[in-house]
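Accompanying notes for the structure given below.
The values are calculated or read from the model by the stated rules, or taken from the named source; none is laboratory data. None of the values given here were measured: they were computed from a predicted structure. Cβ: placed from backbone, ideal geometry, glycine included. Neighbour counts: every protein chain shown.
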Amino acid sequence: MIARRPATRADLEFLYRLMRESLGPYVVETYGPWDEAAQCERFLRETLVETHEVVELDGEPVGCLCTSSWRDALKLHRVFLLPAAQAAGSARSWFGKSWPRGTRPGVRSDSACCA
């Protein structure tokens, strides 16, 4: 079963691992070797945990979603899913259930906000 919950500071280690596994190959391809210390420092500096939701599959964290309201739109900042969960075929179902407070793409909702 796919579920989502607000992220907490206790999720920072998972969120960093998720970012590293999701973006690491692209960072290395674009910028060269992964610099663990620099990447970790940047992640901690730029990540506001209160704007994230953790996506769980059968109770295990497998992804995250970070959104914010912007005028009359819902802005996606981060959508990460662990590579192993991508292969599970559940992303389509997860994404459709993951919009904050019942909003859906193309539907205006002035009450949708995550930050």
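Brief remarks follow.
- Within the stretch 55-74, residues that are within 20 Å of Arg9 (Cβ to Cβ) reach partners that are acidic (Asp, Glu) with beta carbons closer than 7 Å, at six or more positions or on different chains, in the pairs Val62/Glu56; Cys64/Glu53; Leu65/Glu53.
- Annotation note: Cβ proximity below 7 Å between a residue of the stretch 1-22 that is under 16 Å from Leu44 (Cα atoms) and a residue that is outside any loop (DSSP other than H, G, I, E, B) and among the acidic types (Asp, Glu) (sequence gap 6+ or interchain) occurs for Ala7/Glu53.
- Of the residues making up the stretch 1-57, those that are part of a strand (DSSP E or B) and surrounded by fewer than 15 Cβ atoms within 10 Å (Cβ to Cβ) number 3.
- Of all the criteria given as (1) surrounded by 13 or more Cβ atoms within 10 Å (Cβ to Cβ); (2) at pLDDT 90 or above; (3) assigned to a helix (DSSP H, G or I), the one not satisfied by Phe80 is (3).
- Summed over the stretch 1-29, the residues that are at pLDDT below 95 and of a type in the set (Ser, Thr, Tyr) give a count of 2.
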